[in-house]
Amino acid sequence: MTRLLVKTLAACAAITLLAASSAHAAGTPDQRRACRKDAMKFCREFVPDVKRITACMEKNVRKLSPLCRTQFR
């Protein structure tokens with residue numbers, strides 16, 4: 001359980017750092033907030049590759065939360 005928590009926190013930190021360093025490529029702050037949980041749920045293995053995360057999110061668009069799904073329209 002501790003390893004999972006550490007990995008999750010590390011992934012969240014990576015997303016946050018990536019978002020701060022390449023805000024344009026990673027979307028707006030509102031888009032990142034809307035989709036952060038879904039990105040971790042469906043596309044965690046692609047962090048920190050923004051292009052692969054985006055492709056994964058588009059592939060899973062029907063599974064995304066309603067708020068996040070609106071960011072892909």
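The values are calculated or read from the model by the stated rules, or taken from the named source; none is laboratory data. Quick caveat: nothing in here was measured; it's all calculated off a predicted structure. Heads up, the Cβs are rebuilt from the backbone with ideal geometry, glycines too, and the neighbour counts pull from every protein chain shown.
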Selection from region 58-69 of residues in a helix (DSSP H, G or I) and among the aliphatic types (A, V, I, L, M) yields Val61, Leu67
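The rows are residues; the columns are (1) assigned to a helix (DSSP H, G or I); (2) surrounded by fewer than 13 Cβ atoms within 10 Å (Cβ to Cβ); (3) at pLDDT 90 or above.
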| site | (1), (2), (3) |
| --- | --- |
| Lys7 | yes, yes, no |
| Leu18 | yes, no, no |
| His24 | yes, yes, no |
| Arg32 | yes, no, no |
| Lys37 | yes, no, yes |
| Cys43 | yes, no, yes |
| Cys56 | yes, no, yes |
| Gln71 | yes, no, no |
Given the conditions (1) modelled with pLDDT of 85 or more; (2) buried (at least 16 other Cβ atoms within 10 Å of the Cβ), every one holds for Ala11 apart from (1)
